[in-house]
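Right, one structure below, let's go through it.
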Amino acid sequence: MLQSDRREFQRLKLAKPILATFGSSNALLLDVGKAGAFLEHYGTLNRGDRFNLTFRWQSQDIEFVCEVARSEVVRTPGGDGKSMVSHTGVHFVEAIGRSAELLQDLITSFVTKILEAQKENAAGGGPGESAGATILARLGEARRMRSRGYVKYTFDGRTWSKSATDSPTQPPDGFTIATHEDDAEIEKLCKTYEQADEEGRRLIRLVAEISVSNR
């Protein structure tokens, strides 16, 4: 059941968990996305429980009011020899302060590093592939200044198709972004998508999803 909850929203799987706190307890942030997170922690939680989840990035606190979607015990006893260890999926209910913006910056930064690593590992990778996530971040800034709908780009393995849409939904074979005029940047983003593996493409959609959210 918990696995289905993890698929409900696209999330960034963190190679190195981030230390977080909720209430008076500590947790490890394992996955994070625009709509929620996946935690490992001592003790148990119930569906519907609410609490403030806080974690730090670049010396700034990111804090969300969260609601538990699902939780299950994965080890008993845990590392302390006494407490149970649980995995819990939470939905973000409310961002505190600039937390939504900081979360977007965190995810974009992590995705950029992953795409750069993929480029370095790929034989014959051309220039500019790693710029994709950074371009998406700038498109997010453009979104904040405009409100003219979205553009969906789909890739059939050989060619790209472009269509205007009123929906920010991400397609499985491409990405959706806010209306933007810079064709050169879109071309780089498409090239990034073409060069990426399936996980890299999913991460591009994740950043695109964040960049068009909270309109």
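So here's what we get for this one:
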read-out: The stretch 63-114: translational diffusion in µm²/s, Stokes-Einstein, Kirkwood Rh over Cα pairs, 37 °C, 0.692 mPa s; value: 245 µm²/s
read-out: Residues whose placed amide H lies under 5 Å from that of R56, excluding near-sequence neighbours; value: I62
read-out: Two-decimal ratio, the stretch 2-97, of alpha-carbon radius of gyration to 2.2 N^0.38 Å; value: 1.01
read-out: For the stretch 26-72 and the stretch 158-215, distance of Cα centres in Å; value: 28 Å
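Just so you know, all these numbers are worked out from the coordinates, no wet-lab data involved. In this text the structure is predicted, and so the values were computed from the model without any measurement.
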